[in-house]
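S.K.: Please find one structure pasted underneath; my questions will follow.
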Amino acid sequence: MNRKTALLVIDVQRDFCAGGALAVPDGDAVVPIINALARHYATVVITQDWHPANHTSFASQHVERSPFETIDLDYGPQKLWPDHCVMDSTGAALHPDLHIPHAALILRKGLNPAIDSYSAFLEADRATRTGLDGYFASRGITAIDLCGLATDYCVAWTALDARRFGVAARVIEPACRAIDRDASLAAAWRTMADAGVARVGSV
Ligand code: VGL
Ligand code: ZN
């Protein structure tokens, strides 16, 4: 076990799994894989997408807009989604079969109604930090392995921001599933490769 490498478990929540508001195809499949994977890590951080009911990433908050359209906000383009992961709702809960008793931190992101946050490090304004960089720095964590949902959004954005903060990042492909609309998965892998994010099949 390498104590300098943490496992980051991204958004394994009911709304991203079968029957959820923004179900990722085959999303549930990552749960047993991640449960087994987590045993290899002394430091595990779990994230939760956690939005107020009036969140700007919800198509319902914009006049005549539908989910999966893209609009321009102050901070740049924003894809619109069905209402999902509303704070404290059943859909925002972690998947009931996710079992990582030694996870040290559960980090919630996307709480500001006006700013989305795919990344667990930086909100979509690309300026507001969640504090996760400081958490890793203060614990001597210099590398992270990523798994969870969705590969092409929250996993990719988090991996890219890890590189920004000088943290090595590997995405464990079999422990992730993607939304993959408009070829977003291939684009995400390309962007991650260019940023020095490793793509691995096992650890
Ligand atoms: C996510 C879309 C909207 C994710 C979160 O967890 O990948 N995707 N909110
Ligand atoms: Zn979200």
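S.K.: Averaging sequence separations of C-alpha pairs under 8 Å and six or more residues apart, then dividing by the length of the chain, give the relative contact order as a whole percent. All intermediate terms of the calculation are to be shown ahead of the outcome.
M.R.: Working: 444 pairs, mean separation 48.5, N = 203.
That works out to 24 percent.
S.K.: With springs only between Cα atoms under 10 Å apart, run a GNM on the chain and tell me which of E69, E173, E123 wobbles the most.
M.R.: E69
S.K.: Mean residue ellipticity at 222 nm from the helices of the chain, using -39,500 (n - 2.57) per DSSP H segment of n ≥ 4 over the full residue count, to the nearest 500 deg cm²/dmol? Spell out each step's value before the answer.
M.R.: Values: 4 runs with 36 residues, N = 203.
Value at 222 nm, helices only: -5000 deg cm²/dmol.
S.K.: Same structure, new question: Could you work out which residue, out of D97, D133, D72, moves most in a Gaussian network model of the chain, that is, has the largest mean-square fluctuation with Cα springs under 10 Å?
M.R.: Largest GNM mean-square fluctuation: D72.
S.K.: Using only alpha-carbon positions, what ratio does the radius of gyration of the chain give when scaled by 2.2 N^0.38 Å? Working shown, then result.
M.R.: Numbers: Rg = 15.7 Å, N = 203, 2.2 N^0.38 = 16.6 Å.
The reported ratio for this selection is 0.95.
S.K.: On to the next question. Along Cα→Cβ, 7 Å out, is where each label goes; now give me the distance between the ones at Y75 and V63 in nm to one decimal.
M.R.: Going by the 7 Å Cα→Cβ label model, 2.5 nm.
S.K.: Also, I was wondering about something else. Considering only C-alpha atoms, what is the centroid distance from the range 66-115 to the range 26-48, in Å?
M.R.: First find each Cα centre; the distance between them is then 18 Å.
S.K.: Now for a separate question. So, in Å, what gap is there between the alpha-carbon centers of the range 176-203 and the range 141-160?
M.R.: Comparing the Cα centres of the range 176-203 and the range 141-160, I get a distance of 9 Å.
S.K.: Another question, then. Taking all protein chains in place and a 1.4 Å probe, what share, in percent, of the accessible surface of the range 20-108 do carbon and sulfur account for? Mind showing how you got there, number by number?
M.R.: Working: 2160 of 4230 Å².
Taking all protein chains in place, the range 20-108 shows 51 percent carbon and sulfur surface.
S.K.: Can I ask one more? Name the residue, out of G91, G140, G110, whose mean-square fluctuation peaks in a Gaussian network model built on the chain with Cα pairs under 10 Å.
M.R.: G140
S.K.: Report relative contact order for the range 1-48 in percent, whole number only (criteria: Cα-Cα under 8 Å, sequence separation at least 6).
M.R.: Details: 59 pairs, mean separation 26.6, N = 48.
The value is 56 percent.
S.K.: Output needed: percent of Cα pairs per 5 Å distance bin for the range 103-157, bins running from 0 to the one holding the longest distance.
M.R.: 4, 17, 26, 27, 19, 5, 1
The values are calculated or read from the model by the stated rules, or taken from the named source; none is laboratory data. This is a predicted model, so every value here is computed, not measured. Counting neighbours? That spans all protein chains shown, and the Cβs are built from the backbone with ideal geometry, glycine included. Calculation scope for accessible area: heavy atoms of the full protein, side chains included, ligands and nucleic acids excluded. Shrake-Rupley method; radii C 1.70, N 1.55, O 1.52, S 1.80 Å.
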